[in-house]
Amino acid sequence: MSKVFIVTGASRGIGFAIAQALIQASHKVFLVARTEKNLQELKTQHATSVDFITADLADWKVAPKVIESTVKAFGKIDGIVVNHGVLAPITKISESSVEEWRHAYDINVFSALALVKEAIPELRKSQGRVVFVSSGAAFGAYAGWGSYGTSKAALTHLSTHLAVEEPSIISVAVSPGKVDTDMQKQIRNDGKTGMAPEVYASFVDEYKNGQFLDPKQPGDVIAKLVEGATSDLSGKYFRWNAAELANFRAS
Ligand SMILES: NC(=O)c1ccc[n+]([C@@H]2O[C@H](COP(=O)([O-])OP(=O)(O)OC[C@H]3O[C@@H](n4cnc5c(N)ncnc54)[C@H](OP(=O)(O)O)[C@@H]3O)[C@@H](O)[C@H]2O)c1
């Protein structure tokens, strides 16, 4: 049966791949990002199953609009993929601006809290799911990635808290691995001064050697998780290719 999902950060990269996978599986999707082009293209191609808002999720006032518009467009909400996120600023703590960190937290953490809080009544009704796109950086520290890693740690723990407080909602955090998207391009373009030289070089080398994942690889798993993650996974964090998620990967 067709379900209704919100996907944030759907204008490119992993979010675009998740949206495509959900549309392919005959679900309805409500998409959010700041850039209109790809969202409009998906809506043009799939007029009855796609709707979208272009908005900056750093503005928490956007969250109620997203939830209301989804229910207005499709009548219910079965799940949310909180996928949007930013890596910037890539600077060491000693050279950081607190304002820049605060802005990164607005995007990576508080927007997620605002969206999920607003969606809880609908998700209780549907016994729905939230998948938070986390990162390995939530657990390991990379020089220069302080705002990103700590904000992803907060996001990951938000997922755990949601699971504890809302037993009818399944909440899972997933890291997608190193994926060939604009975020990785930003690391190569902007990471040289802020990151440790050997870590920066390893990202450049892995890209040159074609070792990064295609967004479709983790995107397909995340789509399947928001569609059907089971309650034993709730409150937990997984890498996209973890053994526990084998049932959510194409065989
Ligand atoms: N790529 C990797 O190797 C990797 C590794 C670990 C985790 N991740 C995580 O995976 C998720 C997707 O990343 P990606 O690699 O696909 O990055 P990406 O290509 O840079 O895409 C990020 C998406 O988030 C949206 N976004 C950013 N800021 C936003 C804002 N203020 N309001 C609304 N939307 C916003 C962007 O859309 P607009 O610019 O159009 O708003 C875009 O659709 C992120 O949470 C990232 O942290 C990625």
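So if R0 is 45 Å, what FRET efficiency would T48 and I93 give, r being the distance between their Cβ atoms, rounded to the nearest 0.05?
0.40
Report ³J(HN,Hα) in whole Hz for each residue of region 62-70, in order, from the Karplus equation J = 6.51 cos²θ - 1.76 cosθ + 1.60 where θ = phi - 60°; Gly and Pro get x.
Per-residue couplings from phi come out as 5, 4, x, 5, 5, 5, 4, 5, 5 Hz.
Take D220, D182 and order them by how many other Cβ atoms sit within 10 Å, fewest up front.
Taking fewest neighbouring Cβ atoms as first place, the list is D182, D220.
Could you tell me the largest-minus-smallest coordinate of the C-alpha atoms of the chain on each of the three principal axes, in descending order and whole angstroms?
In descending order, the Cα extents are 50, 39, 38 Å.
Quick check for you: which residues of region 65-99 have the amide N under 16 Å from the point 7 Å beyond the Cα of K125 toward its beta carbon?
Counting backbone N atoms under 16 Å from the label point, the list is 65-80.
Run the numbers on region 1-114 and let me know its relative contact order in percent, using alpha-carbon pairs under 8 Å that are six or more apart.
It rounds to 29 percent for region 1-114.
Just list whichever of K28/K65; K72/K185; K3/K185 have alpha carbons separated by over 25 Å in the model shown.
K72/K185; K3/K185
If you stretched the chain out fully between A243 and H157, how much longer would it get, using 0.36 nm times the residue separation minus the C-alpha to C-alpha distance?
28.8 nm
Amide H of V179: which non-local residues (sequence gap of 5 or more, or other chain) have their own amide H closer than 5 Å, using H built in the peptide plane?
Here L213 satisfy the definition.
When the convex hull of the C-alpha atoms of region 1-126 is computed, what volume per residue in Å³ does it have?
98
Could you derive backbone 3J(HN,Hα) for region 151-159 from the dihedral phi with the Karplus parameters 6.51, -1.76 and 1.60 (θ = phi - 60°), listing whole Hz in sequence and x where the residue is Gly or Pro?
Each residue of region 151-159 in turn: 6, 5, 5, 5, 4, 5, 6, 4, 4 Hz.
When only Cα pairs under 8 Å and 6 or more residues apart are kept, what is the percent relative contact order across region 107-251?
Result for region 107-251 is 28 percent.
Please state the relative contact order of the chain as a whole percent: Cα pairs under 8 Å, 6+ residues apart?
After rounding, I find 20 percent.
Enter the Cα centre distance for the pair region 30-99 and region 166-214, rounded to the nearest angstrom.
20
Under a 5 Å amide H to amide H cut-off, with H placed in plane at 1.01 Å, what residues pair with V81 once short-range neighbours are removed?
Answer set, sorted by chain and number: I6, V7, T8, V131.
Using C-alpha positions alone, give me the convex hull volume of region 123-232 per residue in cubic angstrom.
Dividing the Cα hull volume of region 123-232 by its residue count gives 105 Å³.
Across region 188-194, in residue order, what do the Karplus-derived ³J(HN,Hα) couplings come to in whole Hz, using 6.51 cos²θ - 1.76 cosθ + 1.60 with θ = phi - 60° and x for Gly and Pro?
5, 6, 10, x, 4, 7, x
Please work out how much length the chain gains when fully extended from A201 to V164, using 0.36 nm per residue of separation minus the C-alpha to C-alpha distance, in nm with one decimal.
9.3 nm
Pulled fully out, how much extra length does the chain show between D59 and Q211, if you take 0.36 nm times their separation in residues and subtract their Cα-Cα distance?
51.2 nm
Of the trypsin sites (Lys or Arg not before Pro) in region 87-134, which ones lie in a loop per DSSP and count no more than 15 other C-beta atoms within 10 Å?
Passing sites in region 87-134 are K92.
Each reported figure results from applying straightforward, stated rules to the coordinates on display, with no laboratory input. Please read all numbers here as calculations on a predicted model, not as lab measurements. Neighbour counts run over all protein chains shown; Cβ positions are idealised from the backbone, glycine included.
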